[in-house]
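What follows is a single structure, written as structure tokens, with notes after it.
The values are calculated or read from the model by the stated rules, or taken from the named source; none is laboratory data. Values in this document were obtained by computation on a predicted structure and should not be read as measured data. Positions of Cβ are backbone-derived with ideal geometry, glycine not excepted, and every protein chain shown enters the neighbour counts.
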Amino acid sequence: MKEKNDGIYTDFFDLLLILAIDFPIFLLLAISKYLGWASDTLSAFLLILLSVLTILGFHFILKKKGYGIGSWFRISSFGPDLVWSVVVFPGIFAVYLAMSFLTFFIWSEPIFSKMNMNPNAVMAVISLGLFFPVAEEVIFRGAIYGYLKHFFSPELAMILTSVAFAVVHPFEDWMRMFVFGMLLNLLYYKRGTLTVSSTVHVMVSLIYLSISYLPRV
């Protein structure tokens, strides 16, 4: 299957440019933590800012190539893609929960563990459940997978992308994140749009985080 956005991709130097754009946010977060100025609200705000800058950065990079980030989300079929996301979501979330239980039995980690980065429930759900998943989809499915598939087969590109997606998460979550990443890769490959993978990613994150923080809301 030839993907509809096969010719729309970023290269290695584009990824380096995004890292350069995001670096001041990482630096500010590190300095604030070192000086003891960091708070739950500040950490969540910086994560939201990081997500927005990342998405805008890729948008302007793609704009220079004559597309814009809307080409990755295939705005022309946004409605049907949202419906498709809702249809496949229960199956994806069931696998995610199964991997969460498996992770619990292997690592004895809480099945619904709270994120250490943002103990504040509302800020965690907004930053980690809404903004960051979309940014991750833009980075991993849109940029990294889109780049790798021009050098490797789609299957190998999916595996490599899923490995990269897993290793940026805590070690105990690698297995779960690899499987989740593969499912998101398959959704993107099947539909050729980030709308589906982003919507499913956001729904999984929002529900998972909401359950995790429910006693504290």
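Brief remarks follow.
- Taken over segment 165-179, the residue count meeting the criterion of being in contact with a helix residue (DSSP H, G or I) (Cβ under 6 Å, 6 or more places away or on another chain) and either free of Cβ contacts under 8 Å to residues at least 12 places away in the same chain or of a type outside the set (D, E, K, R) (or both) is 7.
- Positions within segment 1-51 being of a type in the set (V, I, T) and modelled with pLDDT of 80 or more, in sequence order: T10, I18, I21, I25, I31, I48
- Some residue of segment 61-70 being in contact with a helix residue (DSSP H, G or I) (Cβ under 9 Å, 6 or more places away or on another chain), basic (K, R) and without any contact (Cβ under 8 Å) to a residue 12 or more places away in the chain: no
- Selected residue (criterion: surrounded by the most Cβ atoms within 10 Å (Cβ to Cβ)) from residues of segment 137-176 that are of a type in the set (S, T, Y) and closer than 27 Å to I106 by Cα: T161
- Cβ separations smaller than 7 Å between residues 6+ apart or across chains give the following pairs from segment 25-38 residues that are more than 15 Å from T54 (Cβ to Cβ) to residues that are in a loop (DSSP other than H, G, I, E, B): S32/A38.
- Listed by position, the helices (runs of 4 or more DSSP H) contained in segment 5-78 that have at least 1 residues being charged (D, E, K, R), out of contact with any Ser or Thr (no Cβ under 8 Å at 6 or more places or on another chain) and surrounded by 17 or more Cβ atoms within 10 Å (Cβ to Cβ) are 12-34.
- Single residue of S198, S205, S212 found to be touching a Leu at 6+ places or on another chain (Cβ under 7 Å) and closer than 20 Å to L130 by Cα: S205
- Yes/no for F93 being of a type outside the set (S, T, N, Q), within 29 Å of R176 (Cα to Cα) and part of a helix (DSSP H, G or I): yes
- Which listed residue is at pLDDT 90 or above, farther than 24 Å from F58 by Cα and surrounded by fewer than 22 Cβ atoms within 10 Å (Cβ to Cβ), from V134, V179: V179
- Within segment 39-56, if we keep just the residues that are in contact (Cβ under 8 Å) with a residue 60 or more places away in the chain and hydroxyl-bearing (S, T, Y), the residue that is farthest from V122 (Cα to Cα) turns out to be T54.
- Screening T54 on (1) farther than 24 Å from G129 by Cβ; (2) at pLDDT 90 or above; (3) of a type outside the set (F, W, Y) shows it passes everything except condition (1).
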